[in-house]
Amino acid sequence: MSADQPPLALYVHWPFCVSKCPYCDFNSHVRERVDQDAWASALLADLAHEAALLPGRRLASIFFGGGTPSLMPPATVAAIIDAACRLWPPLPDLEITLEANPSSVEAARFAEIAAAGVNRVSLGVQALDDTALAFLGRAHGVDEALGALAIAQRHFARVSFDLIYARPGHSLPAWEAELARALSFGTEHLSLYQLTIEPGTRFATLAAKGELTLPDVDLAADLFEMTQGMTATAGLPLYEISNHARPGAESRHNLTYWRYRDYAGIGPGAHGRRGGMATQRHRKPENWIAAVARNGHGTEREDALTRQERVTEALVMGLRMAEGIDLARIARLGERTIGEVVQLDRVETLIRQGLLAHDGDRLALTPAGIPVLDAVLREIAV
């Protein structure tokens with residue numbers, strides 16, 4: 001493998017849900033019945049198409065995500081893993097992750113999913129408080145979630161789950177107790193997100209009506225600082241702005257995104273990055289599967305990214321990580337000098353303010369800079 005051809009990641013999007021979710025973009029994809037053979041064949045065709053356009057690469061990770069991928073037939077999971085490993089020689093420590101809801105129905109399939117080759121699971125627990133789960137629109141309760149977590153830990157070598165904090169009414173003592181409980185389960189990885197209000201969501205509507213108020217900026221900062229202290233003490237330091245792991249247990253798949261490497265995306269609605277191209281599959285399942293039958297792949301569009309777009313994406317993704325970014329590499333992506341990639345005078349100002357650290361060509365946020373990432377990016381972007 002040549003130095004300029006790093007390993008790539010494969011994202012497999014399974015769009016189907018078993019029930020409607022008030023926060024899901026794929027509610028139109030709820031299906032009572034799916035032609036599993038047809039879907040498996042289409043996914044394999046979509047995969048072969050991407051592999052033909054990405055020859056000579058090694059495979060670092062596979063991620064099954066989307067609607068309810070844990071309800072994908074284990075035989076389909078195994079077939080995709082086998083085909084991917086034939087098309088791209090896998091690294092010895094190939095990471096294969098399945099995203100799952102922590103329900104008893106999905107947990108009952110974990111043994112079969114593990115036997116199919118999945119070695120890591122990411123559970124969408126979201127809260128260890130039943131009232132909070134109801135507010136977040138989740139169908140599971142705490143007891144069911146913890147039951148699924150216990151089953152996952154029996155069947156998978158690597159387990160992660162997520163929590164959302166800075167919820168309305170969230171206090172420091174409440175989050176301290178909730179996070180301490182989460183850490184007590186001993187998983188190697190936690191994803192801890194501050195609740196944000198995105199335009200067009202139910203939360204945005206509630207906020208506009210004055211029916212939802214998030215913690216103020218100072219409390220949110222205190223919650224973030226507490227999170228960093230507790231996770232670091234427990235041996236799961238922050239390695240990305242919302243992700244914590246034991247050293248060596250970081251999500252290799254997500255590191256591909258954050259380090260701005262190529263990844264192939266297959267299945268309805270999947271996005272990818274391939275040699276400076278942004279790829280997008282048809283979003284609607286019926287349109288995607290018709291495109292595969294017609295063209296041999298489900299691609300809706302491929303757009304050549306400009307040099308500036310590649311620089312911007314690499315900056316935005318890379319500065320999320322504790323390790324920071326290699327400015328020389330980003331400059332090469334844009335065929336520019338480092339001074340044309342970031343405003344060096346403003347970088348120096350932020351270094352003096354203690355928000356950035358600069359070591360040779362590597363630039364990283366300091367602990368004080370991490371909570372104000374967006375402001376830092378606005379300051380240094382050319």
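Here, each number is a calculation from the coordinates, and none is a lab measurement. This structure is a prediction, so every number in the text was calculated from the model and none was measured. Note that each Cβ is placed from the backbone with ideal geometry, even for glycine, and that neighbours are counted across all protein chains shown.
For segment 270-279, take each phi angle, set θ = phi - 60°, evaluate the Karplus expression 6.51 cos²θ - 1.76 cosθ + 1.60, and give the result in whole Hz per residue in order, putting x for glycine and proline.
6, 9, x, 10, 9, x, x, 10, 9, 10
Loop only by DSSP, 12 or fewer other Cβ within 10 Å of the Cβ. Give me the GluC sites (Glu not before Pro) in segment 176-238 that pass, ordered by residue number.
Glu211
Pop the C-beta distance of Phe185 and Asp218 into the FRET formula with R0 = 30 Å and round what comes out to the nearest 0.05.
Step by step, r from the Cβ atoms, then E = 0.50.
So, in Å, what gap is there between the alpha-carbon centers of segment 304-382 and segment 56-79?
Segment 304-382 and segment 56-79 have Cα centres separated by 33 Å.
By the scheme Lys and Arg +1, Asp and Glu -1, what is the net charge of all other residues having a beta-carbon under 15 Å from that of Asn243?
Every neighbour counted, the sum reads -1.
Using modelled amide H (1.01 Å from N, peptide plane; none on Pro or chain starts), what sits under 5 Å from the amide H of Thr366, excluding residues fewer than 5 places away?
Counting only residues 5 or more places away or on other chains, the set is Leu356, Ala357.
Determine ³J(HN,Hα), in whole Hz, for all residues of segment 160-170 in sequence, where each value follows from phi through the Karplus function 6.51 cos²θ - 1.76 cosθ + 1.60 and θ = phi - 60°; x replaces Gly and Pro.
10, 9, 10, 9, 10, 10, 6, 7, x, x, 5
At 7 Å along Cα-to-Cβ for each site, give me the label-to-label distance between Ala48 and Ala177 in nm.
5.7
Which percent, to the nearest 5, of DSSP beta bridges fully inside the chain are antiparallel?
Percentage antiparallel, nearest 5: 40.
Could you please report the charge total around Val382, scoring K, R as +1 and D, E as -1 over all other residues with beta-carbon less than 12 angstrom from its beta-carbon?
+1
Which one is right for this structure if Cα extents along the principal axes in Å is calculated from it: (1) 64, 50, 37; (2) 59, 51, 43; (3) 56, 48, 39?
Here the calculated entry is (2).
Calculate, for Ile351 and Asp130, the FRET efficiency according to 1/(1 + (r/R0)^6) with r their C-beta to C-beta distance and R0 41 Å; round to the nearest 0.05.
Between Ile351 and Asp130 the formula returns 0.35.
Return the long-range amide H neighbours of Leu212 (sequence gap of 5 or more, or a different chain), with a cut-off of under 5 Å between placed amide H atoms.
For Leu212, the qualifying residues are Ala207.
Counting Lys and Arg as +1 and Asp and Glu as -1, what is the net charge of the other residues whose Cβ lies under 14 Å from the Cβ of Asp222?
So the environment of Asp222 carries a net charge of -4.
Would you kindly state how much longer the chain becomes between Glu112 and Ala322 on full extension, computed as 0.36 nm times their sequence separation minus their alpha carbon distance, in nm to one decimal?
72.0 nm
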